[in-house]
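Q: Have a look at this one.
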């Protein structure tokens with residue numbers, strides 16, 4: 001129970017990596033604010049944590065909405081009295097299309113969810129983290145950091161590259177407050193996000209590359225699991241990583257080293 005007494009905020013906690021991470025943090029004693037824009041799935045996540053003996057509060061908010069995020073963070077701190085850990089995980093793949101076909105509203109939706117959502121999460125969380133220090137973990141991707149051959153994924157990759165830069169800027173800015181800021185960069189993980197990706201005429205933007213159809217060096221055709229990423233999140237949230245900040249960690253079985 002190495003997180004006993006700690007309070008964590010996990011965005012995008014209704015499914016996939018966010019849900020697995022929330023469950024894992026709670027299993028180590030953290031009290032968790034599980035946040036999503038979908039009320040039903042977030043209540044189920046909180047109930048699952050409760051049934052396992054943990055503590056969680058469901059927070060319904062759109063990460064791109066300033067007022068909703070301010071209220072959600074405030075509700076979490078009011079419920080548990082503090083904030084120590086933030087996993088800024090909420091994100092979408094959005095529309096993947098050639099740049100001249102990608103529409104401004106499609107670009108804006110991806111930017112608003114992935115990048116504005118990360119900013120607002122940290123904007124409202126950091127004042128509370130400054131009280132006693134803590135750990136921020138941002139979920140980015142191998143796209144935009146090591147891999148640039150996902151056809152049409154310009155908006156998505158731009159947000160993921162920006163998240164890495166944001167983390168490294170903030171690692172320096174917030175170090176004096178004893179706040180660490182790191183990034184997890186997953187490759188192919190068995191979640192629902194790919195099913196929600198809208199691809200349009202991506203052949204036009206495609207160049208010859210094995211990714212994402214090629215093998216993963218460590219596991220072959222088997223994708224990583226959300227629980228694998230959750231273990232990394234736990235490490236970065238805990239005192240075991242107390243001297244690590246400003247660091248992107250690729251968790252992809254070596255996948256991004258092939259292209």
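All of the numbers you see were taken from the coordinates with simple rules; none came from a lab. In this text the structure is predicted, and so the values were computed from the model without any measurement. Here the Cβ positions follow ideal geometry from the backbone for every residue, glycine too, while neighbour counts run over all protein chains shown.
Q: Could you please rank 118, 221, placing first whichever residue has the fewest other Cβ atoms within 10 Å of its Cβ? Walk me through the numbers before you get to the answer.
A: Numbers: 118 26, 221 9.
By the 10 Å Cβ count, ascending: 221, 118.
Q: Among rounded, prolate and oblate, which fits segment 27-81 when a ≥ b ≥ c are the square roots of the eigenvalues of its C-alpha gyration tensor, a/c under 1.5 means rounded, and a/b larger than b/c means prolate? Please list the in-between numbers first.
A: Working: a/c = 2.95, a/b = 1.47, b/c = 2.01.
Because a/c hits 1.5 or more and a/b fails to exceed b/c, segment 27-81 counts as oblate.
Q: Among DSSP beta bridges whose residues both lie in segment 7-250, state the antiparallel percentage, nearest 5. Kindly include the intermediate steps, with their values, before the conclusion.
A: On the way: 1 of 32 bridges.
Just about 5 percent of them are antiparallel.
Q: On to the next question. Highest first, please rank the peptides 31-37, 98-104, 46-52 by the mean number of other Cβ atoms sitting within 10 Å of their residues. Before the final figure, lay out the partial values.
A: Working: 31-37: 27.6, 98-104: 12.3, 46-52: 15.6.
Peptide ranking by packing, descending: 31-37, 46-52, 98-104.
Q: Could you compute how fast segment 1-139 diffuses translationally, taking Rh as the Kirkwood radius over C-alpha pairs and applying Stokes-Einstein at 4 °C with viscosity 1.567 mPa s? Give it in µm² per second.
A: Values: Rh = 15.0 Å.
D = 86 µm²/s.
Q: From zero outward in steps of 5 Å, how is the percent of C-alpha pairs of segment 7-250 spread across the bins?
A: 1, 7, 14, 19, 20, 17, 11, 7, 3, 1, 0
Q: Moving on. Relative contact order of the chain: what whole-number percent is it, with Cα pairs under 8 angstrom and at least 6 residues apart? Present the calculation step by step, with values, prior to reporting the outcome.
A: Details: 569 pairs, mean separation 53.6, N = 259.
This gives 21 percent for the chain.
Q: Taking 7 Å along the Cα-to-C-beta vector as the label spot, tell me the residue 79-residue 172 distance in nanometres, rounded to one decimal.
A: 3.7 nm
Q: Using per-residue counts of other Cβ atoms within 10 Å, averaged over each peptide, order 20-27, 171-178, 3-10 from highest down.
A: Numbers: 20-27: 25.2, 171-178: 14.1, 3-10: 23.1.
By packing density, highest mean first, the sequence is 20-27, 3-10, 171-178.
Q: Something else about it: Using alpha-carbon pairs under 8 Å, 6+ residues apart, how would you state the relative contact order of segment 1-91 in percent? List each step's numbers first, then the result.
A: Numbers: 189 pairs, mean separation 32.0, N = 91.
For segment 1-91, the relative contact order is 35 percent.
Q: With 10 angstrom as the radius, rank 66, 228, 239 by how many other C-beta atoms surround their C-beta, starting from the fewest.
A: 239, 66, 228
Q: Report, in degrees rounded to the nearest 10, the 0 to 90 angle that the Cα long axis of helix 66-80 makes with the longest principal axis of the chain.
A: In the chain, helix 66-80 runs at an angle near 40 degrees to the longest axis.
Q: Let me ask another. Enumerate the whole-percent occupancy of each 5 Å bin, from 0 to the last occupied one, for all C-alpha pair distances of segment 130-196.
A: 4, 17, 22, 21, 14, 10, 8, 4, 1
Q: With Rg and the Kirkwood Rh both taken from Cα atoms, where does Rg over Rh land for segment 78-157?
A: With Rg and the Kirkwood Rh in hand, the quotient comes to 1.10.
Q: Moving on to the next point. Helix 39-51 versus the longest principal axis of the chain: what angle, 0 to 90°, nearest 10, using Cα atoms?
A: 50 degrees
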